[in-house]
1. When each pair of different Cα atoms in region 182-294 is counted once in the 1/r mean, what is the Kirkwood radius in angstroms, to one decimal?
2. Could you derive backbone 3J(HN,Hα) for region 296-303 from the dihedral phi with the Karplus parameters 6.51, -1.76 and 1.60 (θ = phi - 60°), listing whole Hz in sequence and x where the residue is Gly or Pro?
3. Could you give the length gained by full extension between Leu173 and Ile119, i.e. 0.36 nm per residue of separation minus their alpha carbon distance, to one decimal place?
4. Among the listed pairs Lys311/Lys366; Lys203/Lys296; Lys182/Lys246, which are separated by more than 31 Å between their Cα atoms?
5. Given the convex hull of the Cα atoms of region 184-418, what is a quarter of its surface area in nm²?
6. Counting residues in region 124-188 as N, plug N into 2.2 N^0.38 Å and put the Cα Rg over that result.
Amino acid sequence: MTSVSSSKSQLTPSSHLSLYIYKHKPTPPFGLHKSSLVPTLSNKSLPTLSYSVCNHALLLLLSFVGFFSFLLLLLLLLLLLLGTAVVFFSLLPFRFLQWRHHQHKRPPLPPGSMGWPYIGETLKLYTENPNSFFSNRQKRHGDVFKTHILGCPCVMVSSPEAVKVVLVTRAHLFKPTYPSSKERMIGPEAIFFHEGPYHSRLKKLVQASFLPSAIRGSVSAIEQIVLKFLPTWNNSVVNTLQEMKKYTFDVAILSAFGHKLDLEMEGIKHLYRSLEKGYNSMPINLPGTPFHRAMKARKLLNETFRRLIAKRRGSSNQGGGLLGVLMGAKDQQLNHLSDSQIADNIIGVIFAAHDTTASVLTWLLKYLHDNRDLLEAVTREQEGIKASISEANRGLTWDDTRRMPLTGRVYVLSLTLYKKICIFL
């Protein structure tokens with residue numbers, strides 16, 4: 001055996017293992033062998049060897065203590081898992097009975113299918129045409145039926161009589177709610193997700209932005225937007241809904257900011273398209289999913305609008321549009337809305353305004369197409385106004401829009417016929 005210093009400061013377990021080397025047989029990890037020790041025993045080396053044997057014994061003891069500690073920890077972990085499983089399966093029958101009792105106490109739901117857990121019938125909605133999806137279930141279950149889409153159980157109402165009950169006759173029994181994923185996507189401070197004083201205050205501010213007195217001066221700018229799109233529709237087959245979305249988006253931006261955002265417009269449009277694609281997707285926030293891309297777009301939109309808000313705050317004139325109204329608003333304590341509240345409501349109002357308006361305009365064009373006599377009457381009314389404008393060599397004015405009684409009634413009728421709504425439970 002090689003000579004080793006017996007200094008205690010050098011005999012740590014790690015140095016001990018690395019320094020003791022036997023001539024004939026290496027030391028096993030957990031013990032000593034007589035055959036390797038006996039040939040080297042002598043009176044001179046006995047103290048050193050005794051000291052090394054003690055260190056080996058101590059190391060062996062520590063190794064066994066560590067090994068048994070690991071076994072004990074593993075045993076405790078297994079006992080914990082076993083106890084959790086026992087508690088879970090013991091409570092499972094009790095929870096099942098509670099659920100059955102709760103189901104018996106609840107009023108019966110309308111007929112329909114809830115589909116798979118969590119997924120529901122969302123995959124069927126995606127694979128089928130949405131109109132076919134709802135019309136098939138309407139034929140199968142009636143005008144009021146239940147389903148489960150986009151992670152939420154819901155009741156679909158499609159008849160005018162049922163819609164009147166929900167929105168007018170029994171409106172006080174219903175509370176407007178949205179899935180939590182929609183709140184995260186649009187913004188928690190948006191008007192759609194609140195009730196009470198905050199909602200009432202925002203409602204007055206939004207309505208004030210779309211009163212006749214507020215939009216009277218925007219008629220000429222809206223006319224220019226229409227004239228920009230009309231040539232792109234000549235002598236071609238177009239997707240009506242998508243073209244209406246392009247048109248209404250430009251009008252919504254004009255209404256929100258009081259003027260066109262020429263520099264930021266394309267970037268904002270791109271972000272809203274990503275937001276729209278993820279709005280009705282499964283709320284799975286994983287990279288590569290439409291919902292994840294929509295949430296990223298929402299974050300960038302928030303940053304863009306906050307920059308525009310900061311720019312207006314830095315100027316003496318807060319500007320017009322909904323943004324100017326929200327920035328100048330104060331409550332009874334003279335508190336202004338925060339930048340977060342303003343940004344969330346701008347994002348929400350633009351999204352809702354351009355999307356729903358585009359849908360109504362698409363249905364309006366379809367109803368006119370299906371009723372040729374009505375289409376000819378509306379065309380005559382519009383051509384008469386166009387002739388008077390051309391004769392006076394001027395653009396469209398607010399007074400001209402008041403001379404469209406038939407067109408106005410057609411629009412109101414289209415809103416009535418645009419009937420399908422979804423009530424999220």
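Coordinate-derived values only; no laboratory data. Given the structure is predicted, the values throughout are model-derived calculations rather than measurements.
1. After inverting the mean inverse Cα-Cα distance, the result is 16.7 Å.
2. Residue by residue, region 296-303 yields 5, 5, 4, 4, 5, 4, 4, 5 Hz.
3. Values: separation 54, 0.36 × 54 = 19.44 nm, distance 2.81 nm.
Difference between extended and current length: 16.6 nm.
4. Numbers: Lys311/Lys366 43 Å; Lys203/Lys296 28 Å; Lys182/Lys246 22 Å.
In this structure, Lys311/Lys366 exceed 31 Å between Cα atoms.
5. Spelled out: convex hull of the Cα atoms, projected over all directions, averaged, 15.7 nm².
6. 1.28
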